[in-house]
Each structure stands twice: as structure tokens, then as C-alpha cells.
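Asker: Pasting a structure below so you can have a look.
None of the figures in this text is laboratory data; all of them are computed from the coordinates on show. Being a predicted model, the structure only gives us computed values, none of them experimental. All Cβ positions, even for glycine, are placed from backbone atoms using ideal geometry, and neighbour counts span all protein chains on display.
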Amino acid sequence: MRRSLNPLILTIAALVAALLVAVGPGIRIGAQSERLVLALYYPWYGLDTWDDPALSDTPAQPYFGTDPDAIARHVGWAKDAGIDVLVSAWFGPTGDNPTELAFRTLLDAAAAQGTRAAIMLETDDPSFFPSYGAQRDALAYALGVHAQHPAYLRVDGRPVIFVWRPRGVFSGAQRINQDQPAAVAAWRSLIGEVDPDRNAVWIAETDSPMYLDVFDGVFFYNVAGLADPGGLLARLGNAVRGSGDDKLWIATAMPGYDDTRVPGRSNRFAVDRGDGAFFRRTFDAAAGSSPDWIMIVSFNEWVEGSQLEPSASYGGLYLDISRELTSDWKSQ
């Protein structure tokens, strides 16, 4: 199926390149950008997920990840909590997988409620992205199809594409799996194929500034395990600003983290949420790094226990704290 889509997908990418710069109202990039709060969003849950002993908490309202009512409810909660954009984990369009079905619904829900959405390519997934061609085709599809939706996040009319673990890119038949110059070169080649005129904004999830040679900005996923989150965020922010005025620094705040029940992982750990104290501390550290945007990790990553979605244990506490923190930051 993927091979049969290639010609169409690549044709769409070529045709749409000239259109992307003219689509939709923009958000200015870099130092003059609108202050946005984003949150990572995960749509791959089934109802049986909530019985999984790996979870440290469960939703106050259990749901199926592709349920339109649940997605609309999430968009409304996020908007009320001061979150402007839900950045959804995405496995590409292959087979109408749950992340693809959910993202279509998420875009429509965001449009209906006046918010925005974007994809984060789950680069290292071996099932959906077993090759360079699979990664390329998915990104071409995202630019040619999803990025044309009126609710898709744009900067100056340019759609924003987030990339999880950019070291997961392929070079030839091999996944690189290391942050090294070969990964940067592979991304330069891949982006050159799907976006030759650089009409999109490309954001890498990484703590390695080397990717700024090809990406337009960075954020770092997990600050929970760091002894000094503020120190890392400050260093990354300085690296982004030092690489050019047109780069975006997106700093991370986390409500919590707990993967201690997840089997098969080494170095499992949990942080004490402290009834919101950890969230406040990481949000303050993020804001203190002078970011263009702030990324909340996460809205609903239940397996790793970083969610702010209403839960059985905390109710809507973290939505309330998010509303307070985001309002204060945006008003500064």
C-alpha cells in the first residue's frame, strides 16, 4: 500500500510547496513570535488500556483514543487550561492507524473550538517507519494533506512539523540511532526531498544543538529525571538563540513522571508531584529560559505518568494549575 502511494504523495508535496507560504494567518517566528503553550497529545489508547497495571493513574473519564467525543472534550479542557496547541504523536497515514484517524478528528475539533493542532512524527517506531522511504512518504503526506487544514499550526503561514527522536532517521537501509553528524545529514536529505523550498518549520525533540544546522527549533522531552532542569533548559535556550534569530526555542514543563510499573525498561523512576509543586517548578524553569513557546509534557501520556488530563487521583487539579501558570506567562 505504501509503494502505491509514493507517486501521489511525492506529487502532492511538489505541488503544495508553492502554496504553503500563502496559507492561513501566521505566528511570527523567533524573538517576535506569539507566546504559545503546547502540549503533547497521545491518541493510541483502547478501553483496555485503563486496566493495565503499568499505569500509575487513570483518567477520570476513561475513553477510546479515536472517540470524537473524547477528543472534543480534550480540546475543550486544553483550551480552558491555556493550551493553544495539541501536538499529537503520529505514525503516518498507513492503514488508517489510530493516530491517523484521531488526528483527522483532532484537527476538526480544534477548528470548531478555535485552537490548533500539529503532528509529531514518531520517527523510531519500527512497525510504521521501517525505512527511510516510509519516513519520507509520511512527511510528504503530512505536508500535502494535514498541513492544509485550517486548524493546523502555522508560523507566518508555514506549517510546523515536530520530529520525535531525530536520531531515529535512516541513512540508506540503516537507522542511525545516534545523535551524530550522519543524522543531521540524513535529515538534510529527507527535508530536502519533501520540503525543498523550506516552506515548513521543522522542530526536533532533542537536547543536542547540532540539529539546529537543519531544524528550525528544538524542544526536549523529559526534564523530570534531571537534577537541574532549569540548567539544561537555559543552556538549550542559549544554544538556540546563538544559532540565529529565526530559530524557535520551546522549553518543557512537566506535571509529573512515573514509569516505575512499565515492564522491560531500565532506569525506571518517578518524581513526587507534590500536589502541583513539581509542575510549578518545571514551568518556572521553562519560563526562566526565555522561550518562544512552552511545551507541556504531557496532556495525556498515561503510561509514563506525565499527564495533566483529569485523573482518578487528582481530578482537574492540573488543568487548574495550567490555567494559572499559562495565563501568568502569557501576560508577562
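Asker: Let me spell out the model: positive unit charges on the Cβ of Lys and Arg, negative unit charges on the Cβ of Asp and Glu, origin at the Cα centre of segment 175-319. What dipole size does that give, in debye rounded to 20?
Answerer: Dipole about the Cα centre, nearest 20: 320 debye.
Asker: Given q = 0.16, 0.17, 0.24, 0.28 Å⁻¹, what are the Debye log10 I(q)/I(0) values for segment 122-186, with equal point scatterers placed on the Cα positions and solvent ignored?
Answerer: Scattering profile of segment 122-186, log10 relative to I(0): -0.58, -0.64, -1.00, -1.16.
Asker: I need to check one value: relative contact order of segment 135-276, counting alpha carbon pairs closer than 8 Å and at least 6 residues apart, in percent.
Answerer: The value is 16 percent.
Asker: Modelled label-to-label distance, ASP228 and GLN61, 7 Å Cα→beta-carbon offset: nm?
Answerer: Between ASP228 and GLN61, the simple spin-label model gives 4.4 nm.
Asker: Let me ask something additional. Multiply the residue separation of ASP320 and THR260 by 0.36 nm, subtract the distance between their alpha-carbon atoms, and state the gained length in nm to one decimal.
Answerer: 19.0 nm
Asker: To the nearest 20 Debye, how big is the dipole of the chain about its Cα centre, given +1 on the beta carbon of each Lys and Arg and -1 on that of each Asp and Glu?
Answerer: With only Lys, Arg, Asp and Glu charged at Cβ, the dipole is about 700 debye.
Asker: OK, next. Of all beta bridges DSSP finds with both residues in the chain, what is the antiparallel percent, to the nearest 5?
Answerer: Here the antiparallel bridges make up roughly 20 percent for the chain.
Asker: Right, another one. Give the range of the longest stretch in the chain that excludes all trypsin sites (Lys or Arg not before Pro) found in loop regions by DSSP and having at most 16 other beta-carbon atoms within 10 Å.
Answerer: Longest site-free region, per DSSP loop and neighbour criteria: 36-197.
Asker: Next question. Does segment 30-172 come out rounded, prolate or oblate by the C-alpha gyration tensor, with a ≥ b ≥ c the root eigenvalues, rounded set by a/c under 1.5 and, if not, prolate when a/b is larger than b/c and oblate if not?
Answerer: oblate
Asker: Quote the FRET efficiency, to the nearest 0.05, computed for ASP284 versus SER189 with a Förster distance R0 of 30 Å and r equal to the Cβ-Cβ distance.
Answerer: 0.15
Asker: A further question follows. Hey, what did the chain get for relative contact order, percent, Cα under 8 Å, at least 6 apart?
Answerer: Computed value for the chain: 22 percent relative contact order.
Asker: Select from segment 203-305 those chymotrypsin sites (Phe, Trp or Tyr not before Pro) which occupy a DSSP coil region and have at most 11 other Cβ atoms within 10 Å, ordered by residue number.
Answerer: Loop-located and lightly packed - PHE269.
Asker: Now a separate question. If you average over every viewing direction, what projected area does the convex hull of the Cα atoms of segment 81-133 give, in nm²?
Answerer: For the Cα atoms of segment 81-133, the hull's average projected area reads 4.1 nm².
Asker: Could you grab the Rg to Rh ratio for the chain? Cα atoms only, Kirkwood for Rh.
Answerer: 0.94
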